[in-house]
Amino acid sequence: MSVDTATVAKIASLARIKVSEAEVAAMVPELNGILDFVEQLSQVDTDGVEPMTAVIPNVLRLRADVVNAIPETGGDKRDAVLANAPAAEHGFFGVPKVIE
Amino acid sequence: MSEMTDKTLCEIRDGVAKGEFTAVEVATSFNAAVAEAGALNAFIVATPEAALDAAQKVDAARAAGQPLGKLAGVPIGMKDLFATRDVQTSAASKILAGFKPQYESTVSQKLWDAGAGLLGKLNLDQFAMGSSNESSAFGPVVSPWRRAGEDKALTPGGSSGGSSAAVAARLCPAATGTDTGGSIRQPAAFTGTTGIKPTYGRCSRWGIVAFASSLDQAGPMARNVADCAVMLEAMAGFDEKDATSLDLPVPEWAANLNADLRGKKVGIPKEYRLDGLNADVAKAWEQGIAWLKDAGAEVVDISLPHTQYALATYYIIAPAEASSNLARYDGVRYGLRELPDGANLQEMYAATRAAGFGDEVKRRILIGTYVLSAGYYDAYYTKAQKVRALIARDFEEAFKQVDVILTPTAPTSAYALGEKSNPIDMYLGDVFSVPPSLAGLPAMSVPAGLDAGGLPLGLQIVGRPFDEQGVLNAGLAIEQRAQFAAKPEKWW
């Protein structure tokens, strides 16, 4: 499988990365080089093989069902959460207007 | 007494504990070495005050007769992928420039709790994506090593290239690294240093900037095997804040180091004997086999039949996970924001990500987005996860016959900055380090010697899941026989 300029432009749009036409043109051969390289996996017989989901067997744990069970990942951290925001306003993240 | 910055982690810890020198003296010496080494570009941020502050606490604790931690008085470098409270954490990307975490990563906190101090944040490939350090937005790290008779700037490897360069240049006795497809082992091999990636899940990923979550593991990089064992003990351990953290006790790897390999079997995978393998690398590998035999091990030829598909598998899975993980950089919550005049929210996302991410990061996000997109998901991503299962099964079968596996760490010694401009050429350098990563196995690189050009070569030891001890022991057996004492001549 290979990609053309329209496909690369679409992927870039899905990935929310603005690209110029010149950048798309440069990326087409690069991405096709990588896709050609990974194409070799089609030679591997994987019939009946389960795709790997966990590399080391592990159990999925549940945390205690209480508020702030793990304080470091819990609540009451508004100022810390906003400390690095490019535009924090009135205790919220500021973004361009999204409703007309 | 040898120069302070020539001391190993264990020598520093023991010297501080015995009162031969103070932790402040140690920190002062390394701070000075860091300050002099701007030409290496190994540090993105230096934190001499933090190193001194930690050292003063250790000296005060010792004076008060309080018990000292495993790393008391040892100043370290921290790869700039670990969140450090109030100290810029950039992942070597413009998109995180100026980001000062409000919390501390689990691994770095454990190191501070053990008495270590922060010398600074180490340069790396942007978001740990790269093998040469050239994708850093802060410019590449320059290896302290030079080919004999040349002054061309060489790569320290990647992605943990700031870590490897800093340890090799004696700017710190040890540093943290992270390894997704070889990012601890390959830079260690390129710089004559020692590094181990533990079993997936040993070290908490909480607070480490995520690249490919099913592969990312933290580990130590230092001057020898014992130092790595001590530091890994401090870094490892269960963390409820990481869903994939292993809920197992941390073994006493350092106390149990044993280079006597009698009764152990070492596997040599035939698929790693690549056509046209670099002659010096092949020779180092043969030498390593002889050393392990000398240590009492039995050498067994093994087969890992799906080895040749590991890189292709990796270069689907890692970008797929990266494209998902890096969706968080949107110009809203932290880091860079690009807001062209009149732009709406979607346009702000796209402009921010265009301005903030480097070329290799964009390339991987686009590949990842493509292989996860509707219509291609099964053909690429599901297929890769199936092949990954086969690669892991190869290792499982091999470990029924052998205790550890010995391979070269990388197919060449360090190359010049700018030498590999094609992404695929760069990816091929990970050929020996990627397969164990895909299987989540512990793997380390130890120096084997120098090639004809006077540059370090590393050997990789891979072990069973959870058997870091077996890996460290085989590494120690090689270290004792290699007697690697070469160090880069100071030119910076």
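Taking the criterion of being over 24 Å from residue B:70 (Cα atoms) and of a type in the set (Phe, Trp, Tyr), the only residue of the stretch B:27-59 that qualifies is B:43. Given the residues B:206, B:145, which is the only one that is crowded, with 24+ Cβ neighbours inside 10 Å and in a loop (DSSP other than H, G, I, E, B)? Matching residue, one of B:206, B:145: B:145.
Out of B:264, B:283, one residue alone is more than 20 Å from residue B:449 (Cα to Cα) and among the charged types (D, E, K, R). It is B:264. Pairing residues of the stretch A:87-100 that are more than 7 Å from chain B (Cβ to nearest Cβ) and closer than 19 Å to residue B:343 by Cα with residues that are assigned to a loop (DSSP other than H, G, I, E, B) and among the aromatic types (Phe, Trp, Tyr), at Cβ distances under 8 Å and at least 6 apart in sequence or on separate chains, gives no pairs at all. Does the stretch A:1-13 contain at least one residue that is modelled with pLDDT under 95, in a loop (DSSP other than H, G, I, E, B), in contact with a Gly (Cβ under 7 Å, 6 or more places away or on another chain) and surrounded by 13 or more Cβ atoms within 10 Å (Cβ to Cβ)? No, the stretch A:1-13 contains no residue that is modelled with pLDDT under 95, in a loop (DSSP other than H, G, I, E, B), in contact with a Gly (Cβ under 7 Å, 6 or more places away or on another chain) and surrounded by 13 or more Cβ atoms within 10 Å (Cβ to Cβ).
For beta carbons closer than 9 Å, sequence separation of 6+ or different chains, a first residue in the stretch B:151-175 that is at positive phi and a second that is buried (at least 24 other Cβ atoms within 10 Å of the Cβ) and basic (Lys, Arg), the qualifying pairs are B:157/B:185; B:170/B:223.
Among the residues of the stretch B:438-456, is there at least one that is closer than 24 Å to residue B:319 by Cα and more than 15 Å from the chain's Cα centre (by Cα)? Taking every residue of the stretch B:438-456 in turn, at least one turns out to be closer than 24 Å to residue B:319 by Cα and more than 15 Å from the chain's Cα centre (by Cα). Only one of B:289, B:302 is out of contact with any helix residue (DSSP H, G or I) (no Cβ under 7 Å at 6 or more places or on another chain) and more than 7 Å from chain A (Cβ to nearest Cβ). Can you tell me which? Selected residue: B:289, the only one of B:289, B:302 that is out of contact with any helix residue (DSSP H, G or I) (no Cβ under 7 Å at 6 or more places or on another chain) and more than 7 Å from chain A (Cβ to nearest Cβ).
Total residues in the stretch A:15-26 satisfying the condition of being in a helix (DSSP H, G or I) and either among the hydroxyl-bearing types (Ser, Thr, Tyr) or within 7 Å of another protein chain (Cβ to nearest Cβ) (or both): the figure is 0.
Checking B:153, B:169, B:148, B:174 one by one, the residue that is more than 25 Å from residue B:439 (Cβ to Cβ), of a type in the set (Gly, Ala, Ser) and within 14 Å of the chain's Cα centre (by Cα) is B:174 and no other.
Just one residue in the set B:470, B:475 is in contact with an Asp or Glu (Cβ under 7 Å, 6 or more places away or on another chain), in a helix (DSSP H, G or I) and closer than 15 Å to residue B:266 by Cα; that residue is B:470.
Within the stretch A:31-55, track down each residue that is part of a helix (DSSP H, G or I), closer than 21 Å to residue B:431 by Cβ and aliphatic (A, V, I, L, M). Lay out the reasoning, then the answer.
Within the stretch A:31-55, the first condition is being part of a helix (DSSP H, G or I), and the residues that meet it are A:31-43.
So of that shortlist, the ones also closer than 21 Å to residue B:431 by Cβ come out as A:33-43.
Matches in the stretch A:31-55: A:34, A:35, A:38, A:41.
Take the conditions assigned to a strand (DSSP E or B) and either at negative phi or within 12 Å of chain A (Cβ to nearest Cβ) (or both) and apply them to residue B:195. Does it pass? Can you show your working first?
Numbers: assigned to a strand (DSSP E or B): yes; either at negative phi or within 12 Å of chain A (Cβ to nearest Cβ) (or both): yes.
For residue B:195, the condition - assigned to a strand (DSSP E or B) and either at negative phi or within 12 Å of chain A (Cβ to nearest Cβ) (or both) - is met.
Every test in (1) aromatic (Phe, Trp, Tyr); (2) facing chain B (nearest Cβ under 7 Å); (3) farther than 30 Å from residue B:441 by Cα is passed by residue A:37 save one, and that test is (3).
Just to be sure before I move on: is residue B:297 touching a Leu at 6+ places or on another chain (Cβ under 6 Å), at pLDDT 95 or above, more than 14 Å from chain A (Cβ to nearest Cβ) and surrounded by 19 or more Cβ atoms within 10 Å (Cβ to Cβ) in the structure I sent? Against the criterion (touching a Leu at 6+ places or on another chain (Cβ under 6 Å), at pLDDT 95 or above, more than 14 Å from chain A (Cβ to nearest Cβ) and surrounded by 19 or more Cβ atoms within 10 Å (Cβ to Cβ)), residue B:297 qualifies.
Specify the residue that is nearest to the other protein chains (Cβ to nearest Cβ); the eligible residues are those in the stretch A:54-73 that are surrounded by 10 or more Cβ atoms within 10 Å (Cβ to Cβ) and farther than 24 Å from residue B:216 by Cβ.
Just the residues of the stretch A:54-73 that are surrounded by 10 or more Cβ atoms within 10 Å (Cβ to Cβ), to begin with: A:54-56, A:58, A:63, A:68-70, A:72-73.
Among the residues that remain, those that are also farther than 24 Å from residue B:216 by Cβ are: A:68-69.
Details: A:68: 13, A:69: 9 Å.
In this case the residue turns out to be A:69.
Conditions (1) away from chain A (no Cβ under 14 Å); (2) over 27 Å from residue B:197 (Cα atoms), marked per residue:
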| residue | (1), (2) |
| --- | --- |
| B:46 | yes, no |
| B:55 | yes, yes |
| B:63 | yes, yes |
| B:72 | yes, no |
| B:78 | yes, no |
| B:98 | no, yes |
| B:104 | no, no |
| B:113 | yes, no |
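Considering the stretch B:337-360, and only residues there that are assigned to a loop (DSSP other than H, G, I, E, B) and surrounded by fewer than 20 Cβ atoms within 10 Å (Cβ to Cβ), the residue that is farthest from the other protein chains (Cβ to nearest Cβ) turns out to be B:341. When you scan the stretch B:235-255, do you find a residue that is outside any loop (DSSP other than H, G, I, E, B), touching a residue at least 60 places away in the same chain (Cβ under 8 Å), away from chain A (no Cβ under 14 Å) and not charged (D, E, K, R), even just one? There is at least one residue in the stretch B:235-255 that is outside any loop (DSSP other than H, G, I, E, B), touching a residue at least 60 places away in the same chain (Cβ under 8 Å), away from chain A (no Cβ under 14 Å) and not charged (D, E, K, R). Restricting B:74, B:45, B:87, B:107 to those that are among the β-branched types (Val, Ile, Thr), farther than 28 Å from residue B:250 by Cα and in contact (Cβ under 8 Å) with a residue 60 or more places away in the chain reduces the list to B:45.
Among the residues of the stretch B:1-38 satisfying the criterion of being charged (D, E, K, R) and buried (at least 21 other Cβ atoms within 10 Å of the Cβ), which is nearest to residue B:223 (Cα to Cα)? Steps first, answer last, please.
Taking the stretch B:1-38 and keeping what is charged (D, E, K, R), we get B:3, B:6-7, B:11, B:13-14, B:18, B:20, B:25, B:36.
Now drop any that are not buried (at least 21 other Cβ atoms within 10 Å of the Cβ), which leaves B:7, B:13.
Numbers: B:7: 9, B:13: 14 Å.
Step by step, filter the stretch B:1-38, then rank; the result is B:7.
Listed here are the residues, each with its yes/no results for (1) closer than 25 Å to residue B:305 by Cβ; (2) of a type outside the set (Val, Ile, Thr).
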residue	(1), (2)
B:402	yes, no
B:407	yes, no
B:411	yes, yes
B:414	no, yes
B:417	no, yes
B:420	no, yes
B:429	yes, yes
B:432	yes, yes
B:437	yes, yes
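The values are calculated or read from the model by the stated rules, or taken from the named source; none is laboratory data. Just so you know, these numbers come straight off a predicted model, no measurement behind them. Note that we place each Cβ from the backbone using ideal geometry, even for glycine, and neighbour counts take in every protein chain shown.
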